[in-house]
Amino acid sequence: MIPHRSGRSRRTLVLAAGLGATLAFGAPVALADTAPVSPSGTDAPAPAAAPRAAAPASSSAAWVAGTRAYLVITAPGDTTAVRNAVTANGGTVFQYYDAIGVITAHSASASFAATMRGVSGVQQVGATRTSDVPADAYNPALPANPAQSTTPSGEPVRADMTQIKADQAWAVTTGSASVKVGILDTGVDDQHQDLAPNFNAADSASCAYGKPDTRTGAWRDIGTHGTHVAGTVAAAKNGKGVIGVAPGVKISSVRIAEPGTSLFFAENTVCGFMWAGDHGFKVTNNSYYTDPWQFNCPDNADQAAIIEGVKRAQEYAEAKGSLQVAAAGNSNIDLANKTTDTESPNDSTPVTRTITNACLDIPTELPGVVTVSAMGTTAKASYSNYGLNVVDITAPGGDTTGIYSTLPGGKYGSKSGTSMASPHVAGVAALLASTNPASPPRSCATSWPPRPTTSPARRTAAARAPRPRTASSARGRSTRSRPSAAPRRPASTSRTQPTSPSVTTRPWRARSPSAA
């Protein structure tokens, strides 16, 4: 998959807390694609699905053709009355979260949304797809557990790590095992020799289809994207393969991509953020956009409900101590000047539509989320999204050579994209959390200097004195909350968008110049 890349101006800074890691900061850039891009524009084939194991019993009725998923939004607290109304009006409750007032409902009735919008206590209702919910949602197959290759000794420090000075940061800390980082993605190969030492199975699950599945292996990769991202965050410093930015922290996999399509629908993202909050993740990495809309517009009833539901779940996770880091996307779009969306909906037939800056790429443009664009060796990566006051920070995402990291089956390979940039930032946030364990999530973001308020021109660390961001910082997107009705910036599609001939679409995917 290709990570989202952003193209707005960036500034280089030395991070606080004595870590010595240098990342480029600039005007916010929205994610274009979260999946890595490969020269061929495709990911490695996903492993064949394993035989079905007994899946958790579903509270929903048996699947029928025409079944669609909806987010039903009500006041936080006891949602019993609204859940009863869902059942009374031709729907079934698939999952619900009283703490945030969000219900995932299924219905094959074409009038379900309109009817529920007239129910007392219902604030919003929105379809999360323009395609049917797969029958697999009611009895999901477990991903394959690939056979593992072995790697000879040798663990050179890669260029992307020296570029952000991670090698200098390791003199201060390699990360604490008490810090948990959630990889919300296509899954993670927990058996990989470079990931197994740091993998936390107890807090891993699948949220595909919008309901936690805690069966052993449900969290495994249905592609290659999530495993690659995980290696950049926290591949072990074990004398072979690669080293992650924070090789001493723990990583958990929350698979939110669905098999077959590899799409990340809103109910899956909501489930992932709620899981992150309830399981003590200090940081989550989100190298994707919420499908099927590259940008969700608040003047559309369905998309407004998607924005609100995902926003509430992110706020819940943040309130529980979790910082969300997200890729800006790989379509070379100026997220501060949106005009057209040609890629949505990506689960049926895309149409060209006129959009404005009110339309958000989620989760990357939500309040409190750290938006990451991608750079090559010295400048913005050609594919990366960008945008003044949208992008928070930029990091290495690879260009012609890509970012080298872990792949399923004990393998390694290179990918490029904002999907690859985001885990560098998530790793640095994990190092900051390791040195300041009692700090709230936003303290990691406020440790970084504020964005420029006058000119987006790049400035060097020497030219600007590091100042902590505060909630009132003029530019600090990740530190300042926006009104609940208007998420921070337009969310891009749940998949990686193509940023160049070599970039694939869907999760902000990275290009893979090579894979071994």
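Is it the case that GLY239 is in contact with a helix residue (DSSP H, G or I) (Cβ under 6 Å, 6 or more places away or on another chain), under 29 Å from ILE403 (Cα atoms) and not charged (D, E, K, R)? Answer is no for this residue. Would you confirm whether or not the range 353-371 contains a residue that is among the charged types (D, E, K, R), crowded, with 24+ Cβ neighbours inside 10 Å and modelled with pLDDT of 95 or more? Checked the range 353-371: at least one residue is among the charged types (D, E, K, R), crowded, with 24+ Cβ neighbours inside 10 Å and modelled with pLDDT of 95 or more. If the condition is being in contact with a helix residue (DSSP H, G or I) (Cβ under 9 Å, 6 or more places away or on another chain), surrounded by fewer than 24 Cβ atoms within 10 Å (Cβ to Cβ) and over 18 Å from ILE243 (Cβ atoms), then the range 380-408 contributes only ASN389. Can you report the number of residues in the range 121-152 which are more than 22 Å from the chain's Cα centre (by Cα) and among the charged types (D, E, K, R)? Counting residues in the range 121-152 that are more than 22 Å from the chain's Cα centre (by Cα) and among the charged types (D, E, K, R) gives 2. Output the residues belonging to the range 260-287 that are open to solvent by 20 Å² or more (accessible area, probe 1.4 Å) and in contact with a helix residue (DSSP H, G or I) (Cβ under 7 Å, 6 or more places away or on another chain). Within the range 260-287, HIS279, LYS282 qualify. Of all residues in the range 301-344, those satisfying the criterion of being open to solvent by 10 Å² or more (accessible area, probe 1.4 Å), in contact (Cβ under 8 Å) with a residue 40 or more places away in the chain and either part of a loop (DSSP other than H, G, I, E, B) or touching a Pro at 6+ places or on another chain (Cβ under 6 Å) (or both) are ALA304, GLU318, LYS320, GLY321, SER331, ASN332, ILE333, ALA336, ASN337, LYS338, GLU343. Picking from residues in the range 68-101 that are crowded, with 22+ Cβ neighbours inside 10 Å and in contact with a His (Cβ under 7 Å, 6 or more places away or on another chain), the one that is farthest from THR290 (Cα to Cα) is GLY91.
Of the candidates THR214, THR224, the single residue that is in contact with a strand residue (DSSP E or B) (Cβ under 7 Å, 6 or more places away or on another chain) and open to solvent by 30 Å² or more (accessible area, probe 1.4 Å) is THR214.
Among residues of the range 112-133 that are acidic (Asp, Glu), those with a Cβ under 6 angstrom from a residue that is crowded, with 19+ Cβ neighbours inside 10 Å and in a loop (DSSP other than H, G, I, E, B), sequence gap 6+ or separate chain, pair up as ASP132/THR67. Among the residues of the range 29-50, are any open to solvent by 70 Å² or more (accessible area, probe 1.4 Å), over 30 Å from ALA374 (Cβ atoms) and at pLDDT below 95? The answer is yes; a qualifying residue exists. Only one entry of SER443, SER434 meets the criterion of being open to solvent by 10 Å² or more (accessible area, probe 1.4 Å), in a helix (DSSP H, G or I) and modelled with pLDDT of 95 or more, and that entry is SER434.
Restricting the search to the range 288-300, which residues are out of contact with any Lys or Arg (no Cβ under 8 Å at 6 or more places or on another chain) and either crowded, with 24+ Cβ neighbours inside 10 Å or part of a helix (DSSP H, G or I) (or both)? The answer is THR290, TRP293, GLN294, ASN296.
The values are calculated or read from the model by the stated rules, or taken from the named source; none is laboratory data. As the structure is a computational prediction, the values presented were derived from the model and not from experiment. Reconstructed Cβ throughout: ideal geometry from the backbone, glycine too, with neighbour counts over all protein chains shown. Note: areas computed on protein heavy atoms with side chains; ligands, DNA, RNA excluded. Shrake-Rupley method; radii C 1.70, N 1.55, O 1.52, S 1.80 Å.
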